[in-house]
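S.K.: What follows is a single structure, and I will ask about it in a moment.
Just so it is clear, none of the values below were taken in a lab; they were calculated from the coordinates. The structure presented is a predicted model; accordingly, all values stated were derived computationally and were not measured. Note: ideal-geometry Cβ built from the backbone for every residue, glycine included; neighbour counts use all protein chains shown.
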Amino acid sequence: MSMISLWITDPFWFEDAEFRRNMRMTHRTFVHLVEMVAPDVKDSVHNKSGHIYATKEFKVAVCLYYLGHGSTWRNLANVAQIGVATARKYTKLVCGAVIARVKPTYMPGTPCPDRIARTKRKFYERRNIGDVAMCVDGTHVPWTPDCARHREDYHNYKGWHSILCLMFVDSFYLFIDGEVGHPGRQSDSAVSEYSWLFAKIREDPQAWLGKDGIMVGDGGFAQTGYMMTPYAKACTNREHYFNFCFSSTRFYVEQAFGWWKNRFRFLIRASQLSHADQCLCIYATMILHNVCVTNGEMERRDWNGLLGTCMVDSNGRKRDIELTRWYASHEKVMCNECRGAVPQKLYCVHADRIAAEDLQLAQENGRERGDRLPPIRSAQASLSRRRDEVADELWARFMAAHPGFSGPLQEWHLSTRGE
C-alpha cells in the first residue's frame with residue numbers, strides 16, 4: 001500500500017493537523033471535495049476481475065499532494081506507487097473536474113447583491129474607505145516555456161520566467177475570478193485592458209460592484225471610472241495618509257495571495273507542465289482555495305486582529321506597526337526645518353503649503369509656455385474628485401481624533417481601532 005493510500009484510508013491519519021500537512025485540507029473538506037467531483041472522477045475497475053485498483057479518493061489525493069507540495073512527477077509517482085504518466089493523468093483529470101463541478105458553487109462569478117453589501121462593509125471596516133467591492137492585483141507563478149524563442153516573453157521584471165495571473169479578490173479572502181496564462185513580461189495594466197472580466201464589469205458595473213461600487217488596485221493600474229488607485233506622487237500629508245489607508249484596504253488581495261501560495265506550494269516551484277496544463281492547475285488551485293476558506297480552513301494567524309493590535313516598545317507603550325511605517329515614509333517629504341527639529345516632528349507642517357506653492361508655480365510656468373494639459377475623461381475625473389473627497393474625510397477624521405499630532409515620535413501613542 002502506498003503512503004497516499006494509507007493517508008486516505010487509515011483513520012489514524014484523519015486527524016486535522018496530520019491530514020492538513022499531507023493534503024492541505026482537513027479530512028472533512030476532502031470528503032466534501034470528493035463528493036463534488038465524483039461525477040467526473042470515478043473509480044477505476046479492472047475489466048476482468050472487477051477489482052477497484054484506483055478509487056476516486058486516491059485520484060483526488062494524488063492531485064492534492066502534487067498541488068500542495070510542488071514535488072517532481074517522479075517523487076509523486078514514488079509516493080503513490082504509480083507511474084509518472086498515471087500521476088499526470090490523475091492530476092489533470094481532477095483539476096478539470098474541480099473547474100467543471102466545484103467552480104459553479106465556490107467561484108460562481110457575478111456576486112449576489114447581499115454578498116456585495118457584506119463585502120463593502122468589511123472593506124469599510126478596515127480603514128473607512130467606502131463602496132469598495134473588490135481589489136485587483138497580479139502575481140507571478142514560476143514557469144519556463146520549452147521553446148527558447150518564447151522564453152523572453154515570459155521573463156518578468158523580477159528576473160525569472162513566469163506566468164502572470166491577474167486576480168480579483170473580495171474582503172473575505174475569496175477569489176471572485178482571475179486571468180491566468182499571460183506571459184510574465186506583461187504588466188498588470190496591460191492585461192487589464194483586454195481582460196474578459198474587466199470587459200464584463202464595463203458592460204454592467206452595478207451587477208459586479210453594486211451601486212456606486214469601485215475596485216481598488218495599486219499604482220500599476222490606470223485609474224478609470226470604476227478602478228481607484230493611490231496618489232502616484234503624493235506630496236502632502238493628506239495624500240500620504242490616504243495612500244496608507246488605501247494600501248491597508250487593498251491588502252486583502254496580498255493576504256489571499258500569501259494563503260493561496262502557502263497552501264499550494266506548486267505555485268512557487270518550477271513546473272514541468274505544458275502551458276495549458278499549468279494554467280489548468282493554477283485555476284484549479286484558486287477554486288480549491290475558495291473551498292478551504294469557505295469551510296473555515298483559514299490560516300491560524302488572525303490578520304484582522306493584528307490590524308488593531310499594537311506592538312509594545314521598550315518603555316511598555318503600545319505602537320501601531322502600520323502607522324509607524326507610515327511615519328517613516330513621511331520623512332521623505334519633510335522640509336529641512338521639520339526634519340532637524342528638536343523634538344522630532346512626526347510630519348512636515350509645511351508640506352501642504354510647499355505643495356500648493358509648487359503646484360501654483362507649475363501652473364504659471366505652463367501658462368507662460370502656452371502648454372495645454374491632456375484632456376481627462378469625465379469618468380476618470382469624477383473618480384479623481386471622489387478620491388480627493390475620501391482623502392479629505394480621512395485626514396479630517398484623523399486630525400479630529402488626534403489633535404496633538406505633533407509630538408516626538410518616541411513618546412507618541414496611537415491606536416488605530418475605529419479609525
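S.K.: Quote the charge dipole size of the stretch 128-204 about the Cα centre in Debye, to the nearest 20; the model charges only the Cβ of Lys and Arg (+1) and of Asp and Glu (-1). All intermediate terms of the calculation are to be shown ahead of the outcome.
M.R.: On the way: 6 positive and 12 negative charges, 74 e Å.
For this selection, approximately 360 debye.
S.K.: Could you give the spread of the C-alpha atoms of the stretch 3-105 along their three principal axes, from largest to smallest, in whole angstroms?
M.R.: Principal-axis extents of the stretch 3-105 (Cα, largest first): 39, 33, 26 Å.
S.K.: From the residues 29, 64, 91, which one has its Cα farthest along the dipole of the stretch 3-105 in the positive direction, the dipole being from +1 and -1 charges on Cβ of Lys/Arg and Asp/Glu about the Cα centre?
M.R.: Of 29, 64, 91, it is 91.
S.K.: Let me ask something additional. Using a simple charge model, +1 on the beta-carbon of Lys and Arg, -1 on the beta-carbon of Asp and Glu, nothing else, what dipole does the stretch 3-105 show about its Cα centre, in debye to the nearest 20?
M.R.: Details: 14 positive and 8 negative charges, 95 e Å.
Dipole about the Cα centre, nearest 20: 460 debye.
S.K.: With +1 on each Lys and Arg Cβ and -1 on each Asp and Glu Cβ, and nothing else charged, work out how big the dipole of the stretch 109-272 is about its Cα centre, in Debye to the nearest 20.
M.R.: That gives a dipole near 500 debye.
S.K.: Take the Cα pairs of the stretch 226-304, get the Kirkwood Rh, then feed it into Stokes-Einstein at 20 °C and 1.002 mPa s and tell me D in µm²/s.
M.R.: Values: Rh = 15.3 Å.
Once the numbers are plugged in, D ends up at 140 µm²/s.
S.K.: Continuing with the same structure: Tabulate in residue order the Karplus-calculated ³J(HN,Hα) for the stretch 22-33, using 6.51 cos²θ - 1.76 cosθ + 1.60 with θ = phi - 60°, rounded to whole Hz; enter x for Gly and Pro.
M.R.: 8, 9, 6, 7, 6, 5, 4, 5, 4, 4, 4, 5
S.K.: Right, here's the next one. How many percent of the alpha carbon pairs in the stretch 109-272 exceed a separation of 23 Å? List each step's numbers first, then the result.
M.R.: Numbers: 5544 of 13366 pairs.
Summing the P(r) of the stretch 109-272 above 23 Å gives 41 percent of all pairs.
S.K.: In 5 Å bins starting at zero, report the fraction of Cα pairs in the stretch 121-174 per bin as a rounded %.
M.R.: Each 5 Å bin holds this share of Cα pairs: 4, 18, 19, 14, 10, 10, 11, 8, 5, 3.
S.K.: Quick one: how many lysine pairs in the stretch 109-272 have C-alpha atoms under 21 angstrom apart, if they're 8 or more apart or on different chains? Each step should come with its number before you reach the end.
M.R.: Working: 120/200; 120/211; 122/211; 158/261; 200/211.
For the stretch 109-272, the number of qualifying lysine pairs is 5.
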